[in-house]
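Notes for the one structure printed next.
The values are calculated or read from the model by the stated rules, or taken from the named source; none is laboratory data. Just so we're clear, the structure is a prediction, and the values are computed from it rather than from any experiment. Please note: Cβ atoms are built from the backbone with ideal geometry, for glycine as well, and neighbour counts cover all protein chains shown.
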Amino acid sequence: MSFTTYTSPPSAGRREWTALAVLLLPCLLVSMDVSVLYFAVPFLTAELEPSSVQQLWILDVYGFVLAGLLITMGALGDRIGRRRLLLSGALLFGLASGVAAYAQSAEMLIAARALLGIGGATLMPSTLALIRNLFHDAKQRGKAVAIWSSAMMGGIAVGPVLSGALLEHFWWGSVFLINTPAMVLLLVCGPLLLPEFKNPAAGRFDLPGSLLSLLAMLPTVYGIKEIARDGLALRPVLVLVAGLLAAAAFVYRQRTARHPMLDLELFRRRGFSVSVLMNLLAMFAVVGCAVFFTQYLQSVRGMSPMEAALWNLLPTLAVGGMAPAAAALAQRMDRAHVIALGFVIAAGGFLWLSWLEPGSALWFVLVASSVYASGLVMVMSLGNELAIGLAPPERAGSASALLESGTELGGALGMAILGSIGSAVYHADMGGALPAGLPSAASDTARETLAGAAAVAAQLPDRAGEALLTAARSAFTDGLQTAVLGAAAVMACAAVLALTLLRGLRLPGVEGEPDVRGVAGTPQGSAAPAGVEAVGPSAP
């Protein structure tokens, strides 16, 4: 009779935790670059004089390229080495930041932002995949992923604040130059602290699959954002349909290719696909409602951009410890219950905000925002941990890329759906609130957005202008209330899904827990994961 002995996975030491600190640098900067341009647009517009179309591309091309290349770069890292890809991306990100800072034309800035998107796509999946390889112990990995998730959320919130502070003292290019010292530090410390990992059995790189993934993600995200911005129109709908058709072709390619980019077996592992869905729904709510709160603080409460950014940062700081707390809680109870609890907390925060009024106290907004943010940080940190823990170590790069692609898609869907709901309510309320005799062009402008209504109100006599602005603020708040009710409903449904689909799921690598990954021939809790090549003297 033979017995299987359990070998505890090696614990991470000071070197691994220091390496995690290094990995947080690109994580923070890539997430910051999504929002860092919010305050810089007026300054660069005055100097570079971009057209309206060019201005949109300056803002959006980074996110489009990032979303389109995530899957490609995740698969590439599995093949050539995650540290090599990370350091290559850091070099490109640092150089592109310098080009963007000193751009002499709108076209040059758009090209530099596209290069930043390419660099960002190499950095994001590499950081999370390396965490999977650095931390073999499931408990320690949970803490590491929680810290990574907090850094992601913090970067998005810190971006506008740092941008506003820099623009008060320096020129608009300074918002890009902050990336360069951090990338230099990563290039110096990365080879010393980060081990190299790659999958020696990955096979040839699937170039047709890479092109199909780009043709799927980029048009899909672009179409959703354009529909959110301008409503249903023929061009964005056709672009969206083209993206969905490319996505179908990509899935077919991955099922039939000899050396596919993605192992579709990942989605058959219990919990992986559900974790991606949980993150998608969480980001749906975060991005879909964030645009309303920024406008509420500035256009309804009359705050300056810098003041609004600082107040908006407060909920992020308040919930900074929720991700580690969720990871600790998940060690004591079913993860399904913790994730469902996070969704319930988020739903409660959104329900709270449904009672928001134009004259509500500031603490009402901040506390409610902290409540929903706390719940979503719990969900996203545990979702990341679960998906990475369930994926085979040799596929960690592809798994990370799928997670990031899901969050990008969730954000685009949230902006489109919740943004459309809020806009529809605003348009309906403003239809009967416009003063008589207002020119049709001014009426259309006031009915379109709150900012447009404020611009029209400034041209009217005092009493008429104040009445129009009051009506517009009330209509905007009504739209916000409806949007957050929609977010609360989605969060409630997500809680039910989490309880139903994730109940009883255990992560591999913990003594006494079943290995649910379904990887044949991989010993549970083995110190050296099968199929992963660790290269270099710093490999654990």
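For CYS493, work out the one condition from (1) at pLDDT 75 or above; (2) surrounded by 15 or more Cβ atoms within 10 Å (Cβ to Cβ); (3) farther than 19 Å from VAL300 by Cα; (4) not polar (S, T, N, Q) it doesn't fulfil.
All conditions are met except number (2).
Would you mind finding the one in ALA451, ALA347 that is farther than 30 Å from LEU85 by Cβ and at pLDDT 75 or above? Steps first, please.
On the way: ALA451 fails: at pLDDT 75 or above.
Step by step, each of ALA451, ALA347 is checked, and only ALA347 is farther than 30 Å from LEU85 by Cβ and at pLDDT 75 or above.
Please enumerate the residues belonging to segment 43-55 that are at negative phi and at pLDDT 70 or above.
Going through segment 43-55, the residues at negative phi turn out to be 43-48, 50-55.
Once the filter is applied, which keeps residues that are at negative phi and at pLDDT 70 or above, segment 43-55 yields PHE43, LEU44, THR45, ALA46, GLU47, LEU48, PRO50, SER51, GLN54, GLN55.
Looking at (1) assigned by the TED database to the domain that holds LEU297; (2) modelled with pLDDT under 85, find the lone condition where ASP515 falls short.
(1)
Against the conditions (1) at pLDDT below 75; (2) under 28 Å from ALA247 (Cα atoms), where does LYS139 fall short? Just the number, please.
Unmet for LYS139, out of (1) at pLDDT below 75; (2) under 28 Å from ALA247 (Cα atoms): (2).
Would you mind listing the helices (runs of 4 or more DSSP H) fully within segment 207-301 where at least 2 residues are outside the structural domain of GLN481 (by the TED database) and within 30 Å of LEU366 (Cβ to Cβ)?
Working: elements: 207-230, 234-256, 272-295.
The helices (runs of 4 or more DSSP H) meeting that bar are 207-230.
Taking segment 97-140 only, how many residues are of a type in the set (Ser, Thr, Tyr) and either surrounded by fewer than 20 Cβ atoms within 10 Å (Cβ to Cβ) or in contact with a strand residue (DSSP E or B) (Cβ under 8 Å, 6 or more places away or on another chain) (or both)? Show your work before the answer.
Narrowing segment 97-140 to residues of a type in the set (Ser, Thr, Tyr): 97, 102, 105, 122, 126-127.
Narrowing further to those that are either surrounded by fewer than 20 Cβ atoms within 10 Å (Cβ to Cβ) or in contact with a strand residue (DSSP E or B) (Cβ under 8 Å, 6 or more places away or on another chain) (or both): 102, 105.
The number of residues fulfilling the criteria is 2.
List every residue pair whose Cβ atoms sit under 8 Å apart, with the two residues 6 or more apart in sequence or on different chains, where the first one lies in segment 447-465 and is in contact (Cβ under 8 Å) with a residue 40 or more places away in the chain and assigned to a helix (DSSP H, G or I) and the second, anywhere, is aliphatic (A, V, I, L, M) and surrounded by 13 or more Cβ atoms within 10 Å (Cβ to Cβ).
LEU450/VAL300; LEU450/ALA472; LEU450/ALA475; ALA454/LEU469; ALA454/ALA472
Between a residue in segment 129-148 that is in the same structural domain as PRO195 (by the TED database) and part of a loop (DSSP other than H, G, I, E, B) and any residue that is surrounded by fewer than 22 Cβ atoms within 10 Å (Cβ to Cβ) and among the polar types (S, T, N, Q), which pairs come within a Cβ distance under 7 Å, given they are 6 or more apart or on different chains?
Here the result reads ASP137/SER11, each pair linking segment 129-148 to a residue that is surrounded by fewer than 22 Cβ atoms within 10 Å (Cβ to Cβ) and among the polar types (S, T, N, Q).
From the list PHE205, PHE197, PHE250, pick out the single residue that is over 22 Å from the mean Cα position of the chain (by Cα), aromatic (Phe, Trp, Tyr), crowded, with 17+ Cβ neighbours inside 10 Å and modelled with pLDDT under 80. Talk me through it step by step, then tell me what you get.
Numbers: PHE205 fails: crowded, with 17+ Cβ neighbours inside 10 Å; PHE250 fails: modelled with pLDDT under 80.
Residue meeting the stated conditions: PHE197.
Kindly indicate the residue of segment 1-23 that is crowded, with 19+ Cβ neighbours inside 10 Å and modelled with pLDDT of 75 or more and also nearest to GLY411 (Cα to Cα) among those meeting that condition.
LEU23
For SER400, state whether it is in contact (Cβ under 8 Å) with a residue 24 or more places away in the chain, farther than 19 Å from SER354 by Cα and small (Gly, Ala, Ser).
Details: in contact (Cβ under 8 Å) with a residue 24 or more places away in the chain: yes; farther than 19 Å from SER354 by Cα: yes; small (Gly, Ala, Ser): yes.
Considered against the rule, which asks whether it is in contact (Cβ under 8 Å) with a residue 24 or more places away in the chain, farther than 19 Å from SER354 by Cα and small (Gly, Ala, Ser), SER400 comes out as yes.
Taking the options VAL379, VAL371, name whichever one is surrounded by fewer than 24 Cβ atoms within 10 Å (Cβ to Cβ) and modelled with pLDDT of 85 or more.
Details: VAL379 fails: surrounded by fewer than 24 Cβ atoms within 10 Å (Cβ to Cβ).
Exactly one residue qualifies, and that residue is VAL371.
Only one of these conditions is not met by SER398: (1) hydroxyl-bearing (Ser, Thr, Tyr); (2) within 23 Å of LEU69 (Cα to Cα); (3) not in a helix (DSSP H, G or I). Which number is it?
For SER398, the failing item is (3).
Residues that are part of a loop (DSSP other than H, G, I, E, B), among the aliphatic types (A, V, I, L, M) and either outside the structural domain of CYS27 (by the TED database) or without any contact (Cβ under 8 Å) to a residue 24 or more places away in the chain (or both): does segment 382-394 have at least one?
Start the filter on segment 382-394 by keeping residues that are part of a loop (DSSP other than H, G, I, E, B), which leaves 391-392.
Filter once more, so that each one left must be among the aliphatic types (A, V, I, L, M): 391.
Subsequent filtering for residues that are either outside the structural domain of CYS27 (by the TED database) or without any contact (Cβ under 8 Å) to a residue 24 or more places away in the chain (or both) retains 391.
Scanning segment 382-394 turns up at least one residue that is part of a loop (DSSP other than H, G, I, E, B), among the aliphatic types (A, V, I, L, M) and either outside the structural domain of CYS27 (by the TED database) or without any contact (Cβ under 8 Å) to a residue 24 or more places away in the chain (or both).
Could you run through segment 436-490 and say how many residues are touching a Ser or Thr at 6+ places or on another chain (Cβ under 7 Å) and of a type outside the set (A, V, I, L, M, F, W, C)?
3
With respect to SER420, determine if the residue is surrounded by fewer than 21 Cβ atoms within 10 Å (Cβ to Cβ), polar (S, T, N, Q), in a helix (DSSP H, G or I) and not assigned by the TED database to the domain that holds LEU232.
Values: surrounded by fewer than 21 Cβ atoms within 10 Å (Cβ to Cβ): yes; polar (S, T, N, Q): yes; in a helix (DSSP H, G or I): yes; not assigned by the TED database to the domain that holds LEU232: yes.
So SER420 passes the test.
Within segment 58-74, is there a residue that is surrounded by 19 or more Cβ atoms within 10 Å (Cβ to Cβ) and more than 29 Å from PHE205 (Cα to Cα)?
Taking every residue of segment 58-74 in turn, at least one turns out to be surrounded by 19 or more Cβ atoms within 10 Å (Cβ to Cβ) and more than 29 Å from PHE205 (Cα to Cα).
Please determine whether any residue of segment 330-339 is closer than 22 Å to GLY411 by Cβ and at pLDDT 90 or above.
Here is the first cut: in segment 330-339, the ones closer than 22 Å to GLY411 by Cβ are 339.
Now restrict to residues that are at pLDDT 90 or above: 339.
The answer is yes, given that some residue of segment 330-339 is closer than 22 Å to GLY411 by Cβ and at pLDDT 90 or above.
Picking from ILE71, ILE80, which residue would you name as being at pLDDT below 85, closer than 21 Å to ILE131 by Cβ and under 18 Å from the mean Cα position of the chain (by Cα)? Break it down into steps so the answer makes sense when it comes.
Details: ILE80 fails: under 18 Å from the mean Cα position of the chain (by Cα).
Step by step, each of ILE71, ILE80 is checked, and only ILE71 is at pLDDT below 85, closer than 21 Å to ILE131 by Cβ and under 18 Å from the mean Cα position of the chain (by Cα).
As an exercise: evaluate LEU187 against (1) part of a helix (DSSP H, G or I); (2) under 30 Å from LEU376 (Cα atoms) and give the number of the one condition it does not meet.
Result: LEU187 passes all but (2).
From the residues in segment 92-145 that are within 20 Å of LEU28 (Cβ to Cβ) and hydroxyl-bearing (Ser, Thr, Tyr), which one is farthest from the chain's Cα centre (by Cα)?
SER97
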